[in-house]
Each structure stands twice: as C-alpha cells, then as structure tokens.
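Here the structure comes first, spelled out in structure tokens, and everything after it is commentary.
The values are calculated or read from the model by the stated rules, or taken from the named source; none is laboratory data. Here the structure is a predicted model, which is why all the values come from computation and not from measurement. Note that we place each Cβ from the backbone using ideal geometry, even for glycine, and neighbour counts take in every protein chain shown.
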Amino acid sequence: MPKLTPIHAVTYNTASNRDLSTRITPPYDVLDEQRKQTLLARDPHNIVAIDLPVTPPKTVGPDAAYRQAACCLQQWMDQGVLIRDETPAVFAYQQSFWWQDQQQCRRGLFCALKLEPFNQPHGIFRHERTIQGGLDDRYKLMAATNAQLSPVFGIYRDQCARVADLLSGIWQRPADFGGQTPEDRVEHQLWRITDQSILADLQRFFAGNEVYIADGHHRYHTAQRFGQDYPQQPGTNACLFMLVAAEDTGLVVLPTHRAIVGPAEFGIESLCRQLPGSVNITPINDSHLDLSALAKTLSARGHHAMGLCKSNCRQNFVLTTSGADPLAACQAAGSKVRRQLDVTILHELILNHLAEPAATDHYRYTADLNELRQIVDAAPGRIGFVLQPTPLESVMAVSQAHELMPPKSTFFYPKVATGFVIHCFG
C-alpha cells in the first residue's frame, strides 16, 4: 500500500524572489533542443540544464553529459541557488489555467511514496508501456545526480474529498513560491506543509488507497531500479510524486495523436487494401483540412472513429470499425476495457496490419492538432491519426486489470512543472 512520506526537499532559494517563472520547465519528454536553449537564454539557472542533459528526450547520451548535469546541480547547491529544507515537508500544489474558454484550477500534493512492485492490493498501478531508451536515460541521470529531479504524476480516488478537507486551510494563506510556464500560461503555486497532524492524516488516508500513474512511468521504473541497486542509500526506497484526486474538476485528459514519419510512404489506396474488413475508411469533404473541426465530430461518426490525414492530400478521412468490440475474436483472453480503447484498436487492428509496420522511432506523438498537421505535411508519404480522448475511468480500469496501453495513450493537461521540488538522496 502507498506509504506517504515528507521529504527534505531541495528547492530554489526564494529569499529574494518567490517567482520561479524563469527557472521552471515543462517535463523533459515534451521538450526539444530548441526549447531547451530558449529556456536557458531566459535564465541560465533554469532546471532544464540539469533535467535534460541529452536531446531528443528518451535517448541515451554519453556519460559526460550526465556528469555535467551532476556538476551543475552541485555547483548550484554550493552557490546557494538551490537549498535543502531542514524540515521534511509535503507541498500543496495548485495549477490555474484556461481550458475551453473557462478558467480551471487543479490541486495536488507533492510528496514521496514508498517504492513497491506494481499492481499490489491498495498499491501503485501503471497503465502504459515504456521505451527502453527513456528508461536508460533517466537511470543514468539519476545515478549521476543522486536525485529525482521531477515527479511522477499520480491519480487517486477521493469521493468523500478527505484530502481536500485536510488542505482546506492551506489554500487560504499566501503561497510560499510559484511561477508561470509561458508555453501554456499555467500559473503554479506551492505551499509547504510541515504540520504533523496534517501529515499523519495524509499518511493514514493514502495507506488504504490506490495510486494510478498518469504520467511518469519511466521515472517510476527508474526509481524502482535505482532503489534495488542502491538499497542502503537513504531515500532510495521512495519516489517523488505529485498526486491529484480523480474527482478534481481541473483534471483534463487529452488524446495523444500520432504520425508515422517513415521510412515507408503510405498511399490511401494501399492503406485501404491493407486494412482488415472490420475497418472502414471514409473520405471527408473539408476544403480547409481543419483537424480540430474534424476531431469535434468523431464521437458522432461511428464505432471508435478516428481521423486520418496524409501529406500532400487535399482531403481528410475517418476510420471506423464495424462493431463496438472488433478485437473480441482475436483477444478474447484480454480485458474488454483494454481491447475497446481507441488507441488499442488503432495499434492492434490498423497499424499492425500495415505491410511495413512502423518501428518505435518512426512515430511522432503530439496532443496539438496543429502540430500534427505540420509533422505530416513536412515530408511526403506521412500519415497522421487523430484520436478521441481516453476516459480517465478507462485508464484506471485497464490498470486494475493488470494490462498495459500502448505508449503515449494519454496526455494529462496541464503538465506538472519541473523545478519546484527536487528529491535528493542521502
């Protein structure tokens, strides 16, 4: 069962400025080299200098890159840029943002959870497959820095709002520090919690609850491996989390669309010939090729409807299945909830039927439909798939069934900022 513990957090020194806007960053796996350099140009002490030693993300770099990240972390500690709290704490976390023309608020909690194997009763559950390059990269960074630099994003059930009630007084006082991520204009605020009564109540609550990993599977796997390799080192038996209640109204789950970028070129005619009989493809009359408009109509277009776009093609298409459970015959042994996910059907029933299935590095993922169009149009022969969002309840049901979804099946918005709370071992 999840054992919550406060940590002696490493944070930026906010004695002269509590606004950390120039020093925080989105998670490493949504960045590239250009965005990294933009962040460093704004502030050379941005945490991206440490957290993303190698680009593109989830690729493994030379040992020197990780040693440099470790040296940077130590220098900032020596210089007082980063400081370690003397008192162990958890941190209340609030994100304010605009979504669908309405202001939203999502509230969570930074803390450490004791490491344990996946899918134990009242334990920590996963839903997504990982990529080996991402695991190796995060391990080398953790081993070099002796720290967990960014949290795993976890979801828990709290139908009676017990955690919200425990923290109700926290939100009334001024935040200890915060900042804004300019890429998404999300306002972040954090409050230290050292009150022993509140900490004890939080520990009792989470001891009997499940936690579902929403984002950060690579980070949790890495923490497990590091804890096994260095069991005697203080702190390595726990993993940094940011936890949000499933009932939080600011919890937004978006689809992650995908493009096949090579090496083969795909024609619509050849694609149609390769699709099984249970999949239908229909051209859409859309002179503007507006993927956002197309996405809004998918839920009404048929079973498991998803959009399809192709480079240098003046038409979009919709893929549907002839029934609600098209994988029932070939995957009867698996859970019904997993095989009925749109993202599962895309991979199992469509992508795996292509004459030249794409390798892992031939996919590009994005939650932004404008970016998807740009990726597809950047080179001939590329195709993109527009997906509907996976319901949060389905994500948790797949986890409970001890099954896994394809990589990048969900996009939890907004992202949790990196740089506010660091968990250093020892």
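Determine whether V163 is modelled with pLDDT of 95 or more, more than 19 Å from G419 (Cα to Cα) and of a type in the set (V, I, T).
Criteria met by V163.
Test of understanding: among V90, V10, V54, which residue is more than 30 Å from D201 (Cβ to Cβ), crowded, with 17+ Cβ neighbours inside 10 Å, within 24 Å of the chain's Cα centre (by Cα) and hydrophobic (A, V, I, L, M, F, W, C)?
V54
What's the number of the only condition in (1) farther than 28 Å from L291 by Cβ; (2) in contact with a strand residue (DSSP E or B) (Cβ under 6 Å, 6 or more places away or on another chain); (3) surrounded by 18 or more Cβ atoms within 10 Å (Cβ to Cβ) that H257 fails to meet?
Just one mismatch for H257, condition (1).
Would you pick out the residues in the range 120-149 that are of a type in the set (S, T, Y) and modelled with pLDDT of 95 or more?
Hits for the range 120-149 are Y139, T145.
Restricting attention to the range 238-246, does a residue exist that is more than 30 Å from V376 (Cβ to Cβ), surrounded by fewer than 18 Cβ atoms within 10 Å (Cβ to Cβ) and of a type in the set (A, V, I, L, M, F, W, C)?
Within the range 238-246 (the criterion being more than 30 Å from V376 (Cβ to Cβ), surrounded by fewer than 18 Cβ atoms within 10 Å (Cβ to Cβ) and of a type in the set (A, V, I, L, M, F, W, C)), the answer is yes, since at least one residue qualifies.
Looking only at the range 258-271, decide whether some residue is under 18 Å from the mean Cα position of the chain (by Cα), within 25 Å of R126 (Cα to Cα) and part of a strand (DSSP E or B).
yes
State which residue pairs qualify: first residue hydroxyl-bearing (S, T, Y) and inside the range 217-228, second residue part of a helix (DSSP H, G or I) in any location, beta carbons under 8 Å apart, and separation of 6 or more residues or different chains.
Correct list of pairs: T222/L135; T222/R138; T222/Y139; T222/M142.
Given the residues T282, T256, which is the only one that is touching a Phe, Trp or Tyr at 6+ places or on another chain (Cβ under 8 Å), within 16 Å of G384 (Cβ to Cβ) and of a type in the set (S, T, N, Q)?
Sole residue among the options that is touching a Phe, Trp or Tyr at 6+ places or on another chain (Cβ under 8 Å), within 16 Å of G384 (Cβ to Cβ) and of a type in the set (S, T, N, Q): T256.
Results for (1) of a type outside the set (V, I, T); (2) farther than 30 Å from R314 by Cβ, shown as yes or no for each residue.
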| residue | (1), (2) |
| --- | --- |
| A214 | yes, yes |
| M242 | yes, yes |
| V261 | no, no |
| P283 | yes, no |
| D290 | yes, no |
